[in-house]
Amino acid sequence: MLINDIEVSGPSTFLEPERRGIGLMFQDFALFPHMTVAANVAFGLTNFPKPARQAAAAEALARVGLAGYEGKYPHMLSGGEQQRVALARAVAPRPSVLLMDEPFSGLDLRLKDQVRADTLAVLRETGATVVIVTHDPEEAMGMADQIALLKDGTLVQAGSARDLLPGRTACSQRLSFPRLTGSRLSPTTEVSLHLLVYAVLRKK
């Protein structure tokens, strides 16, 4: 396996996971309830000296709009705020690749669109390659440069959002794409963010 043309795993190579520059954001955010927001964000910064660790955590929190929340605990935050803390923790070590497991599925509809937009803005700033797993076709179509459709663990189609628009391919006709017409998304829409989204085909 290569990351930025550097072999990290192979027949004669094994680089420890913590040294591969890969970030992970869990579906349920996985915040430590006994730690403050600042401590949660700083948890993965073990290679940083302590002053630099605190500064990096504060910078990551400011980036997600949570400056001043350092001393709070997860139970004191809303669902959207907890999601942003998890995002700050994931980007604080400045990974080159970020893996996100259905990061918006736990949010209610009132929060989802705004939190998703805020998250995309942060990801653009980091410059990381992001792989997002989602069951939401609208989310995939609206976020990704490239989309991979999987069914039963098998890759059935890959391409850009334009390539997978309903009616253009046999696979896309089997998906439901709500609110992807008119100004929302058109065949000429260009998605500039560098993301690869794995969208799972819905079961019949």
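The values are calculated or read from the model by the stated rules, or taken from the named source; none is laboratory data. Please read these numbers as outputs of a predicted model, since none were measured by experiment. Cβ coordinates were reconstructed from backbone atoms using ideal geometry, including for glycine residues, and neighbour counts include every protein chain displayed.
Using the structure shown, decide if K50 is surrounded by fewer than 21 Cβ atoms within 10 Å (Cβ to Cβ), modelled with pLDDT under 90 and more than 20 Å from G127 (Cβ to Cβ).
When the stated conditions are applied, K50 passes them.
Might you let me know whether the stretch 31-39 holds any residue that is in contact with an Asp or Glu (Cβ under 7 Å, 6 or more places away or on another chain) and over 23 Å from F104 (Cα atoms)?
Checked the stretch 31-39: no residue is in contact with an Asp or Glu (Cβ under 7 Å, 6 or more places away or on another chain) and over 23 Å from F104 (Cα atoms).
For residues in the stretch 1-41 being of a type in the set (G, A, S), part of a loop (DSSP other than H, G, I, E, B) and in contact (Cβ under 8 Å) with a residue 12 or more places away in the chain, which is surrounded by the fewest Cβ atoms within 10 Å (Cβ to Cβ)?
Per the stated criteria, the residue is A30.
Those residues that are without any contact (Cβ under 8 Å) to a residue 40 or more places away in the chain, out of contact with any Ser or Thr (no Cβ under 7 Å at 6 or more places or on another chain) and of a type outside the set (F, W, Y), I need them from the stretch 65-79; list them, please.
L66, A67, G68, M76, S78, G79
Between a residue in the stretch 42-62 that is within 14 Å of V91 (Cα to Cα) and in contact (Cβ under 8 Å) with a residue 24 or more places away in the chain and any residue that is surrounded by 19 or more Cβ atoms within 10 Å (Cβ to Cβ) and aromatic (F, W, Y), which pairs come within a Cβ distance under 7 Å, given they are 6 or more apart or on different chains?
Short answer, once both residue conditions are applied: L61/Y69.
For R124, state whether it is at pLDDT below 80 and basic (K, R).
For R124, the condition - at pLDDT below 80 and basic (K, R) - is not met.
So which helices (runs of 4 or more DSSP H) stay within the stretch 56-162 end to end and still have 1 or more residues that are under 21 Å from G44 (Cβ atoms) and either out of contact with any Phe, Trp or Tyr (no Cβ under 8 Å at 6 or more places or on another chain) or polar (S, T, N, Q) (or both)?
79-91, 109-126
Read through the list (1) within 22 Å of E139 (Cα to Cα); (2) touching an Asp or Glu at 6+ places or on another chain (Cβ under 8 Å), then give the number of the only condition that L66 fails.
Exception for L66: condition (1).
When you look at P74, is it exposed (fewer than 14 other Cβ atoms within 10 Å of the Cβ) and over 27 Å from M1 (Cβ atoms), yes or no? Break it down stepwise before answering.
Values: exposed (fewer than 14 other Cβ atoms within 10 Å of the Cβ): no; over 27 Å from M1 (Cβ atoms): yes.
The answer is no for P74.
Which one is surrounded by the fewest Cβ atoms within 10 Å (Cβ to Cβ) among residues in the stretch 77-98 that are over 14 Å from A30 (Cα atoms) and in contact with a helix residue (DSSP H, G or I) (Cβ under 9 Å, 6 or more places away or on another chain)?
Filtering first and then ranking leaves S78.
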